[in-house]
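Written below as structure tokens is the structure these notes are about.
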Amino acid sequence: MRVLVVEDERLLADTLAEGLRRLSMAVDVVYDGDAALERVHVHSYDVVVLDRDLPKVHGDDVCRSLISAGGEAKVLMLTAAGDVTDRVAGLRLGADDYLTKPFAFDELVARVQALARRARPALPPVLERSGVVLDLPRHQASREGRHLALSPKEFAVLEVLMRAEGAVVSAEDLLEKAWDEHTDPFTNAVRVAVMTLRRKLGDPPVIDTLPGAGYRLS
């Protein structure tokens, strides 16, 4: 899952991003509305966590732009105003959900995950293929009943491969979906993550490498 956090309170923004990354989400962060509009035209996001009161370009205008562009990203709007009229106004702009500050991080995570499921073709919260089970809500993985101690990036790579349902996923697609924008496009991070994931999954191997094409979960 790829998420954009748009929040002008830098400490809050960075804290949210770090917490979401621990849950294997690829997270980009910007601190004003102008930068948000720039990012959404460069990357495809599943969810945009959008503060309503932003400098440069107001969060309402960012939301309107996202909706008018017709993208698939779902918008979770954040605001310090808890009045029902403010919540209704945000939803009428096209936001998919609304969260009032202060909020519990676990609630934000649950709302982001729910929106991400709506942004994609419907899939069960527990994915199974080739004896591998990926429990997304609990952030747990196993193979033939054996628990897999995966890093956040290994978990994210496995999720992308399992969602592909046997189709080939290129290294570029893995970078786009499992890493944030600061990753060097020429890095060997994908190859290393796949290599360690293969080792943890054990024998017989279930991840195929197709030279020049990418990777596939057999």
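Test of understanding: express the Cα radius of gyration of segment 126-217 as a ratio to 2.2 N^0.38 Å, with N the residue count. Please report the intermediate quantities before stating the final value.
Values: Rg = 12.4 Å, N = 92, 2.2 N^0.38 = 12.3 Å.
It is 1.01.
Based on protein heavy atoms only, the chain ends up with 50 Å² per residue of surface accessible to a 1.4 Å probe. The lysines whose alpha-carbon is closer than 20 Å to the alpha-carbon of Lys101, local same-chain residues fewer than 8 away aside, are Lys74. Only helices enter this figure: runs of n ≥ 4 DSSP H residues, each worth -39500 (n - 2.57), summed and divided by the residues of the chain, yield -12000 deg cm²/dmol at 222 nm to the nearest 500. For the chain, the longest principal axis of the alpha carbon atoms and the long axis of helix 152-163 meet at an angle near 80°.
For a test of the definition: using alpha carbon positions, the gyration tensor, and the 1.5 limit on a/c, classify segment 2-119 as rounded, prolate or oblate.
Values: a/c = 1.22, a/b = 1.07, b/c = 1.14.
Verdict is rounded for segment 2-119.
Ordered by 1.4 Å accessible area with all protein chains kept, Arg143, Arg129, Arg22 run largest first as Arg22, Arg129, Arg143.
Heavy atoms only, probe 1.4 Å: what % of the accessible area of segment 126-217 goes to carbon and sulfur, would you let me know?
Values: 2510 of 4850 Å².
So the carbon and sulfur contribution to the accessible surface is 52 percent.
Of Ile67, Ile207, the residue with the largest accessible area leads and the full order is Ile67, Ile207 (1.4 Å probe). Exposed loop sites were defined as chymotrypsin sites (Phe, Trp or Tyr not before Pro) in DSSP loop states (anything but H, G, I, E or B) carrying at most 14 other C-beta atoms within 10 Å; in the chain the longest segment without such a site runs 1-102.
Which percent of the accessible area of segment 2-119 is formed by carbon and sulfur heavy atoms (probe 1.4 angstrom)?
Exposed carbon and sulfur together represent 49 percent of the surface.
What the Kirkwood sum gives for the chain is a hydrodynamic radius of 18.2 Å, with every pair of different alpha carbons counted. When DSSP beta bridges are restricted to pairs lying wholly in the chain, around 45% turn out antiparallel. Within the straight-line cut-off of under 16 Å between alpha carbons, the lysines reachable from Lys153 are Lys177, Lys200, sequence neighbours fewer than 8 places apart in one chain being disregarded. Excluding same-chain neighbours fewer than eight residues apart, the aspartates and glutamates reachable from Lys56 by a Cα-Cα span under 17 Å are Glu7, Asp8, Glu9, Asp32, Asp34, Glu38. Backbone phi angles across segment 191-208, fed through the Karplus curve with coefficients 6.51, -1.76 and 1.60 (θ = phi - 60°), yield HN-Hα couplings of 4, 5, 4, 5, 4, 5, 5, 4, 4, 6, 5, x, 9, x, x, 10, 9, 8 Hz in residue order; Gly and Pro are listed as x.
The values are calculated or read from the model by the stated rules, or taken from the named source; none is laboratory data. Since this is a predicted model, take the numbers as computed values, not measurements. Reconstructed Cβ throughout: ideal geometry from the backbone, glycine too, with neighbour counts over all protein chains shown. Surface areas here come from the heavy atoms of the whole protein model, side chains and all, with no ligands, DNA or RNA. Shrake-Rupley method; radii C 1.70, N 1.55, O 1.52, S 1.80 Å.
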